[in-house]
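These notes concern the structure reproduced below.
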Amino acid sequence: RVNQRHNGQILPLIRIMKYWNEHNRHAPTIGSYHLETMLLKGFEYSNPISDVKSGVIPAFRILQSAILSTCNDPKGLGEPLDADMAVLDRVSFSAAAQTMADRLYGVLISEILGLHENAIKVWQTVFPHFPDYEQVFEAREQYWRPHLIELRQTPVRLLEAALVLDKLPRLADE
């Protein structure tokens, strides 16, 4: 339901955020289901996003605040999903999410100015193993052109292309 309201963009966004959660070096890793639940709750009543890119900063902002509150199991099968999470871990995770959102504001400026290489360098600080500029455009040539899919040259689209091409490790679908 939430994914439909957001033009089918929430599930790919959650996948990217799970990737960040598994690979971030700035905060403790939280459970995949916990992260997904916080994001689904956070996007439930927000303005619809048009694409994954427009949802990344709001996703970090949602995580920044939601991690500080109790996250009940939406299925009601047990204790809260964060019952074992220490206060220090919550604060550390919240601070990391805030830092990532703040960094990504710089990406928006770089993109507006056409500085895609700079933007990709910032994405690499947020998403470890993010492909470099040359890798991404090589992948673009190999995959997108033969399939006649237009690809805008923005870092999130490039991240999506890299995921499709298995240039980044995939997380198991849950």
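Key figures for this structure:
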read-out	value
The stretch 66-111, residues that are part of a helix (DSSP H, G or I) and among the acidic types (Asp, Glu)	ASP89, ASP102, GLU111
Scan of the stretch 112-147 for residues that are in a loop (DSSP other than H, G, I, E, B), at pLDDT below 75 and open to solvent by 70 Å² or more (accessible area, probe 1.4 Å), ordered by number	ARG145, PRO146, HIS147
The stretch 50-68 - residue that is aliphatic (A, V, I, L, M) and open to solvent by 10 Å² or more (accessible area, probe 1.4 Å) and, of those, nearest to ALA101 (Cα to Cα)	ILE57
Count of residues meeting criterion [in contact with a Lys or Arg (Cβ under 8 Å, 6 or more places away or on another chain) and small (Gly, Ala, Ser)] in the stretch 22-41	1
Search result, residues across the stretch 11-48 that are open to solvent by less than 50 Å² (accessible area, probe 1.4 Å), β-branched (Val, Ile, Thr) and over 13 Å from the mean Cα position of the chain (by Cα)	ILE30, THR37
Pairs where the first residue, in the stretch 4-17, is over 15 Å from PHE127 (Cα atoms) and assigned to a loop (DSSP other than H, G, I, E, B) and the second is open to solvent by less than 30 Å² (accessible area, probe 1.4 Å) and charged (D, E, K, R), C-beta under 6 Å, 6+ apart	GLN9/ASP51
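The values are calculated or read from the model by the stated rules, or taken from the named source; none is laboratory data. Everything quoted here is computed from the prediction, not taken from an experiment. Positions of Cβ are backbone-derived with ideal geometry, glycine not excepted, and every protein chain shown enters the neighbour counts. Just the protein is used for accessible areas: all its heavy atoms, side chains included, with ligands, DNA and RNA removed. Shrake-Rupley method; radii C 1.70, N 1.55, O 1.52, S 1.80 Å.
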